[in-house]
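Since the structure comes first, as structure tokens, the remarks are kept for the end.
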């Protein structure tokens with residue numbers, strides 16, 4: 001049951017965009033049409049699903065205080081957690097590169113659909129944020145971490161597809177010229193955030 | 001471009017947040033109170049300036065194909081330094097900022113300035129450009145932090161301003177929505193609206 005709870009919680013209550021504003025830059029830049037935003041959402045979910053569990057294992061077996069004791073008891077009081085930022089971003093950059101090559105080789109159709117978004121994900125803060133939250137919240141095992149990663153990705157996907165659909169409709173509305181484009185997108189995201197706030201305080 | 005323009009333009013005509021729409025994530029998440037907003041603004045400014053100078057010094061030796069990874073390594077090293085300094089000297093603020101110090105790595109302003117400016121310009125110009133953009137970002141953060149703390153909790157830098165003015169005795173209530181995440185988005189939307197009404201050429 002714990003897995004389902006974490007999954008639902010990370011989609012709605014701890015939504016990456018509406019609760020923590022992670023990945024806002026690509027959220028604002030790529031949400032002009034539903035089709036491209038769906039592609040980016042899938043790519044982000046995919047990368048989160050791979051990088052967060054890998055970073056969890058690194059954190060557990062290399063970085064945490066005393067984590068190296070499985071190598072030899074002499075290393076039991078080594079604390080490498082100050083290295084976690086550099087290691088996490090290196091892992092993310094490397095995995096994004098590998099994922100890109102694998103998809104290009106085995107599924108050219110998916111590769112063409114994702115296009116330029118794949119390499120850009122390395123610098124998407126939702127991905128690094130996923131790893132940092134994982135470290136901070138102290139999940140019990142790798143199953144929980146995977147549920148958290150999948151849920152965060154799907155939450156991000158829902159948010160970007162939602163705003164893209166609204167922006168497609170907005171093209172036909174009369175908006176003050178100074179508010180057009182970025183300004184109105186911010187305000188609508190704020191209103192969507194207020195709607196998502198109704199999930200807050202729900203204990204699951 | 002003239003050196004004074006490098007400092008001046010990012011404040012208004014080419015503001016990183018209002019016009020380039022970069023670095024949104026951190027700008028929204030840390031501005032519920034003035035103090036973390038100021039600390040975050042300073043940290044980002046320091047990182048942008050130093051990263052700009054370092055990359056500009058290295059620009060002729062970085063092979064173009066691996067430049068993103070080199071940039072990421074330089075930036076994440078600087079962010080680790082900032083993180084450790086904050087943890088040592090301002091532990092409470094560092095706890096409040098939580099993952100957002102680490103997320104300076106993927107702050108689009110930093111990567112954007114490195115790509116667009118430091119890779120092709122001399123160190124002194126890059127220094128000024130980094131300073132200008134860091135300060136342009138800081139101004140927005142401080143304005144947001146000021147408004148949200150004043151109206152949301154009735155304090156400034158933790159000092160109960162509105163209580164001392166006696167506003168609560170005549171029936172004033174804090175606006176709880178101001179400290180909620182969605183209000184930050186709506187405020188940025190409104191700032192963009194005001195800014196573009198004054199600078200018509202920026203309208204879309």
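Readers should treat all values here as calculations from the given coordinates under stated rules, not as data from a laboratory. Note that this is a predicted model, so its numbers are computed, not measured. Positions of Cβ are backbone-derived with ideal geometry, glycine not excepted, and every protein chain shown enters the neighbour counts.
Compared with the dominant principal axis of the Cα atoms in chain B, helix B:181-198 is inclined by about 70°. Compute the long axis of helix A:182-197 from its Cα atoms, compare it with the longest principal axis of the Cα atoms of chain A, and write down the angle in degrees, 0 to 90, nearest 10. In chain A, helix A:182-197 runs at an angle near 60 degrees to the longest axis.
May I ask you to derive the FRET efficiency for residue B:200 and residue A:79 from their Cβ-Cβ distance with R0 = 60 Å, giving the value to the nearest 0.05? Given R0 = 60 Å and the Cβ-Cβ separation, E is 0.60. For segment B:55-121, the fraction of C-alpha pairs farther apart than 13 angstrom is 65 percent. With N the number of residues in segment A:2-104, Rg(Cα) / (2.2 N^0.38 Å) evaluates to 1.35. Highest-first packing order for the peptide set A:34-45, A:168-179, B:44-55 is B:44-55, A:34-45, A:168-179, based on the mean count of other beta carbon atoms within 10 Å. With the convex hull of its Cα atoms as the shape, segment A:101-204 has an orientation-averaged projected area of 9.9 nm². The share of C-alpha pairs in the protein assembly as shown whose separation exceeds 26 Å stands at 56 percent.
Under the simplified labelling scheme, the residue B:115-residue A:168 pair shows an inter-label distance of 2.6 nm, with each label point 7 Å from Cα along Cα→Cβ. Shape class for segment B:1-102: oblate, because the ratio a/c of the largest to smallest gyration tensor axis (alpha-carbon atoms, square roots of eigenvalues) is 1.5 or more and b/c is at least a/b. Pairs of Cα atoms nearer than 8 Å and 6+ residues apart set the relative contact order; for chain B it is 35 percent.
Taken residue by residue and averaged, Cβ atoms of other chains lying within 10 Å of the Cβ of A:104-112 number 0. Shielding value for B:18-28 is 5, the average number of Cβ atoms from other chains within 10 Å of each residue's Cβ. Evaluated at q = 0.09, 0.17 Å⁻¹, the base-10 log of the normalised Debye intensity for chain B, with identical point scatterers placed on the Cα atoms, takes the values -0.38, -1.14.
One decimal place: the segment residue B:91-residue B:42 gains 16.1 nm when fully extended, by the rule 0.36 nm per residue minus the C-alpha distance. Based on Cα atoms of chain A, Rg over Rh with Rh as the Kirkwood radius reads 1.03.
Between segment A:65-106 and segment B:109-148, what is the separation of their alpha carbon centroids in Å? What the calculation gives is 30 Å, centre to centre.
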